[in-house]
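Taking it in order: structure first as structure tokens, then the write-up.
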Amino acid sequence: MSLTSTPISRWSDQGTFSSFDQQDTSLDADNKSDIVTIHFIAYGIIAKIIVAVGIFGNILNLIVLTRPKLKGVMYIYLLGLAVSNLCVLVSAIPALNFLAHGRTTQHYAVAFFQAHLALPVLNTFMAASVYIMICTTVNR
């Protein structure tokens, strides 16, 4: 058995990393529609349901944590965490749309939006959530 007939991940003859060898490309082409369907269901439907439930839960947290009786330091941290998580969920919607529908366009504007706006905003809010949890832990 030669190296070119093994179906494991390997370096190809062109110097690029390949997970399929030349004989396995027909398998990939036959299952492409199934892969696209599963990809759409995972990112287009299930992930959006999770985001919707998260948005609803964080809005309920905001309603409860803005009560006048809840003015302690820990409640302020929890309020900040709810706001940060809500912003993560809202800013994840464009990223999920991009993942669910694939790269249907090759426009520079879409790439610029993803690279310089959507992903940095998403990562900033996620980092803020982590830092709020660290502050909560140190304060406790």
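What follows draws every value from the coordinates through simple rules; no lab data is involved. What you see is a predicted model, and the numbers here were worked out from it, not measured in a lab. For neighbour counting, all protein chains shown are included, and Cβ atoms are generated from backbone atoms with ideal geometry for every residue, glycine included.
The figures follow:
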quantity	calculated
Residues Phe40, Phe125 arranged by fewest to most Cβ contacts within 10 Å	Phe40, Phe125
Rough spin-label spacing in nm, given labels placed 7 Å along Cα→Cβ, for Val138 and His101	4.2
Proximal lysines to Lys32, defined as alpha-carbon separation beneath 30 angstrom and excluding residues fewer than eight positions away on the same chain	Lys48
Hull-based mean projected area of the range 37-139, where the convex hull spans the alpha carbons, in square nanometres	7.5
Packing rank of 95-102, 62-69, 130-137, where each peptide gets the mean count of other beta carbons within 10 Å, highest leading	95-102, 130-137, 62-69
Difference of contour (0.36 nm per residue) and Cα-Cα distance, Val73 to Tyr131	19.4 nm
